[in-house]
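**Q** I am attaching a structure below and will ask some questions about it afterwards.
Read the figures in this text as sums done on the coordinates, not as results from a lab. Because the structure is a prediction, the values reported are computed rather than measured. A quick note on method: Cβ atoms are made from the backbone with ideal geometry, for glycine too, and the neighbour counts reach across all protein chains shown.
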Amino acid sequence: MVPSDCCGSGSHRSTDRKGRLIDIPEPLTSAVPHASAADRLQHELLVERGHRQAAEAEAARTADELHAVVQGFGRAQAVLDETTDFVALAHPDGLLFYLNRSAAHRLGLNIVASPVRFIELLDAEGQAAWVREGAAAVERDDRWSVDTELVGADGRAVPASVLILTHRGPGGALEYLSAVGRDISERRALEARLTHQALHDALTGLPNRILFMDRLAHAQTQLGTDTATSALAVLYVDLDRFKTVNDSYGHDYGDRLLVHAATRIRDELRPQDSVARLGGDEFVVLLDRTEEAADAVQVADRILAALARPLTVDGRQMHVGASLGIAVGRADPDTMVRHADLAMYRAKERGRGRWEIFEPELNERAQRRMSDETALGAAIARQEFLLHYQPVVDLRTGAVTGFEALVRWQSPERGLVPPDQFIPLAEETGLINVLGRWVLEEACRQGRLWQLALGDPTLQVAVNVSARQFQQVDLVEQVATVLRTTGLPPASLLLEITETAVMGDPAKAAATMRRLAAHGVRFALDDFGQGYSSLGHLKRFPIDVVKIDKEFVDGLTRNASDAQIVQAVLTMAQALGLEVTAEGIEDHAQLDRLRTLGCNHGQGYLLSRPLPAAAATALLTARTPLPCPPPDPAGQVRVAIDADDDHDPTPQGVAR
């Protein structure tokens, strides 16, 4: 018989699913070595029952734990299915065992019916990144992120930012992978829009300078070392009369005109060529793989012909036209564009509406111009300028009634530089504003000194104001300040302007002139007879003096039509109550003819050349009537050499 306590000392204990202890007997051979067969059988049944109870308890515990896991995952799944992000879970081998609702719907996947590995969700670039760095990063850092595209069952791609995480057990073994992806379609679209805006002109939609230069550099790289068969051509296009249209009809109209012009240019190009808008009314064209300059010339002719045709905007036809520069070669992008730009300016100088091909001498000329610009700026800083004063004479009495101030550059290296060699440059670069302010101050200061010395408050000083100076928003304040600081009476200052200076924006010019006239300043219309001369303009602007252009004075005794023009100007001025001054009087025949026609004031070499301030002071003090006796032959030669002193040959609208 088996002792009643055989399951006591000869047993071990476990617990059932409710936590109660279970005694599992040890085998009878170890517990009771000499037990009978019946006892051993009974004992074995007890052992078997104990093991079965223990197994059932273990299974029950596992089931309970699994139930808890399932319940927890179910709750998590409910949350994950509500998010718009993509969520995926994968076995260590990458085979997906869970996709949330958003991912399954957006990608059109059923991983139960068609198993999918995680890497198959990535596009080719994303898969390459996974092989290149992703797998190693996950193994090393337990995480990896990448911006890629997730590919659906139908092949459609969704841009996404994906984060991949590893999940490991207590021993560090990889249990599963998780991936969370966020749709970045809107971000990609925004980035694309911003990139497009950064590289394209907002008005015309054409590439801008940045993109054009990149394309030009790429095209040069593509040429490689093959120098025998092809090169590149750059065309620089500038509309000829765009500023006039823009000023006359407004910026909105001008913008629409530019869009039409851009379309005309683009229509004349091959598919592989590019056109960009650099700004304003300037465009630049890249002709890829141009065999010779003649090919570029053909395209240039087509573009010029297209832009020469009337452009219709808002039912109004406009003739604009263009000038074009051509550069052909393999120079770096900046040099190619600069060369084409220089050639374009040569085309404008030679009449507009045409093309010119870049030549090396244009580059040398540009370098000289840059050198002159630097020297001019330094000269202004070093105060190397001085004024000469040309008398304005009452032709009836010979008395000096005033002076016109004319600026000169006293260069230590070049000597006395005439105005036509630096005023146009000062106008183009904007240095004319600084120089003009100095001229105004110095002339007013000197004029007041003469008035005080002679006791004559009526003596006038005339100062030329260039078109660019006249556009300054603070011009009125500048003039008022100079008059206040120098003490010159406003009525003693005569500002000389050209018709071209005021016709850029007539309404604004008239307003500026009326504000200055309110201070007492007087105005002279210089070079009358050139440009836009008309009676309407004289009525529109507060003009006090009309200056007859030297061209008509020259022909006064040789050309009947010139005499008739001078007579008409005098008659018109008399009707309007205006004074008239004839410019460039060089001989007695001209002087006598002007007196006969009734012109009361004049200036010119016959009367006096421009004088330094000291010589002008001596002339005033002597009170000698002008003109002096007729000049001797030496004087005649001097007139021919220095004719630019009494009438500046610089273009109209440029201050002397």
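**Q** Among 461-474, 151-164, how do they line up by average Cβ neighbours within 10 Å per residue, starting with the highest?
**A** Details: 461-474: 20.6, 151-164: 16.3.
Going by the mean number of other Cβ atoms within 10 Å, highest first, we get 461-474, 151-164.
**Q** List the residues whose amide H sits under 5 Å from the amide H of A160, counting only those 5 or more places along or on another chain, with H placed 1.01 Å from N in the peptide plane.
**A** So A160 has HN proximity to T148, E149, L150, I184.
**Q** Let me have the relative contact order for the stretch 481-529, percent, based on Cα pairs under 8 Å that are six or more residues apart. Please list the in-between numbers first.
**A** Values: 41 pairs, mean separation 25.4, N = 49.
Result for the stretch 481-529 is 52 percent.
**Q** By how many nm would the segment from F97 to R330 lengthen if fully extended, with 0.36 nm per residue of separation less the alpha-carbon distance?
**A** Values: separation 233, 0.36 × 233 = 83.88 nm, distance 5.96 nm.
Between F97 and R330, full extension yields 77.9 nm more.
**Q** Same structure again: Report, ordered by chain and residue number, the lysines lying within cross-link reach of K539, taken as a straight Cα distance under 21 Å and ignoring same-chain residues fewer than 8 apart.
**A** Hits, sequence-local ones excluded: K508, K547.
**Q** GluC sites (Glu not before Pro), restricted to the stretch 371-456: which are DSSP loop and have at most 10 other Cβ atoms within 10 Å?
**A** E413
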